[in-house]
Amino acid sequence: MDNTYLTTAELSERIKYDARVIREQLKDSVLFEGIHYIRPFGGRKILFIWERVEEEMLVGISTQSLLTGLYP
């Protein structure tokens, strides 16, 4: 499976949201770890999975996203 991994700054350029908004408002309320982003090698760095973020924007909140948000 081919995924495109983006840093917060790269995602910011693609979706035209400020990186601070992504980190403080979207992450963990709309974009969830393990679905929309990962922390490779258990580190602090966050990589967003572009295909999942794009799907979320086009389709809306998925059942999986809602369940993840309710039960972290």
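The values are calculated or read from the model by the stated rules, or taken from the named source; none is laboratory data. This one's a predicted model, so the numbers in the text were calculated from it and none came from an experiment. Here the Cβ positions follow ideal geometry from the backbone for every residue, glycine too, while neighbour counts run over all protein chains shown. For the accessible areas, the whole protein counts, side chains as well, though only heavy atoms, and no ligand, DNA or RNA atoms are used. Shrake-Rupley method; radii C 1.70, N 1.55, O 1.52, S 1.80 Å.
For the reader, a short list of remarks on this structure follows.
- Residues in the range 27-62 that are among the charged types (D, E, K, R) and assigned to a strand (DSSP E or B) were compared, and the one that is surrounded by the most Cβ atoms within 10 Å (Cβ to Cβ) is LYS27.
- All positions within the range 1-20 that are in a helix (DSSP H, G or I), aliphatic (A, V, I, L, M) and open to solvent by 40 Å² or more (accessible area, probe 1.4 Å): ALA9
- Within the range 3-27, being touching a residue at least 40 places away in the same chain (Cβ under 8 Å) and of a type in the set (A, V, I, L, M) holds for LEU6, LEU11, ILE15.
- Only listed residue being under 12 Å from the mean Cα position of the chain (by Cα) and either among the hydroxyl-bearing types (Ser, Thr, Tyr) or at pLDDT 95 or above (or both), chosen from ARG39, ARG14: ARG39
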